[in-house]
1. Quick check: at a probe of 1.4 Å, how many percent of the accessible area of the chain sits on carbon and sulfur atoms?
2. Can you give me the accessible area per residue for the chain, using a 1.4 Å probe, in Å²?
3. Counting Lys +1, Arg +1, Asp -1, Glu -1, what net charge surrounds Ser21 among other residues with beta carbon under 12 Å of its beta carbon?
4. Cα to Cα, under 30 Å, and not fewer than 8 places away if on the same chain: which lysines meet these conditions relative to Lys76?
5. How large is the dipole of the chain about the Cα centre if only Lys and Arg carry +1 and Asp and Glu carry -1, each at its Cβ, rounded to the nearest 20 debye?
6. When the Kirkwood hydrodynamic radius is evaluated over all pairs of different C-alpha atoms of the stretch 20-76, what value in angstrom, to one decimal, is obtained?
7. Could you please state, rounded to a whole Å, how far the C-alpha centre of the stretch 72-123 is from the C-alpha centre of the stretch 22-60?
8. Given 37 °C and 0.692 mPa s, how large is the Stokes-Einstein diffusion coefficient of the stretch 1-103 in µm²/s, with Rh as the Kirkwood radius over Cα pairs?
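The values are calculated or read from the model by the stated rules, or taken from the named source; none is laboratory data. These figures come from a predicted structure and were not determined experimentally. Cβ placement follows ideal geometry from the backbone for every residue including glycine, while neighbour counts extend to all protein chains displayed. Just so you know, the surface numbers come from the protein's heavy atoms only, side chains and all, with ligands and any DNA or RNA stripped out. Shrake-Rupley method; radii C 1.70, N 1.55, O 1.52, S 1.80 Å.
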Amino acid sequence: QVQLVESGGGLVQAGGSLRLSCAASGRTFSSYAMGWFRQAPGKEREFVVRITRSGGSTYYTDSVKGRFTISRDNAKNTVYLQMNSLKPEDTAVYYCAASRGYGSSLSSGYDYWGQGAQVTVSS
C-alpha cells in the first residue's frame, strides 16, 4: 500500500511558476513509476507527465512540453512537478499517481492516487 500526499498548489498569475510535490509513504517508492494528471472543472482527468522508476525517462503531454518538468528523489520518496510559464488553461486539480507497472498516459495504468492539489492561474 502506498499513500500519496500532494502539496504546493495555489493561486498564481499567468506567466508565473509553481512547484508541486508528492510525498509517498513506504519504503518501496523506487519500485513505482509515477505520473501527474489534472482535472479541470467540467472536464475529464487528463494525463500531464510521467517518470520511470529510476527517473531516467520522462514523457509529457504536448501542451506542457517546455514548461513543466517532472523529477523524483527516491531517497526522499518524493516526486516533483515544476510548472513554469503557467497559463489560465493550466487551472485544475493536479493528482499524482503511482504505478506498480511501467506507468502510462492512461489513468487505468496507476494503482494509487493522491488527494489532489488545486492550481489556479489567473489571467
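1. Working: 2860 of 6270 Å².
Whole-percent figure for carbon plus sulfur exposure: 46.
2. On the way: 6270 Å² over 123 residues.
Result: 51 Å² of accessible area for each residue.
3. Working: positive: Arg19, Arg72, Lys76; negative: Glu6, Asp73.
Around Ser21, the surrounding residues sum to +1.
4. Counting by Cα, and skipping residues close in sequence, Lys76 has these lysines nearby: Lys65, Lys87.
5. Numbers: 13 positive and 8 negative charges, 55 e Å.
Its charge dipole is roughly 260 debye.
6. Numbers: mean 1/r = 0.0802 Å⁻¹.
Every distinct Cα pair counted, the radius reaches 12.5 Å.
7. Spelled out, the Cα-based centre of one part sits 5 Å from the other.
8. Numbers: Rh = 13.8 Å.
Rounded to a whole number, D works out at 238 µm²/s.
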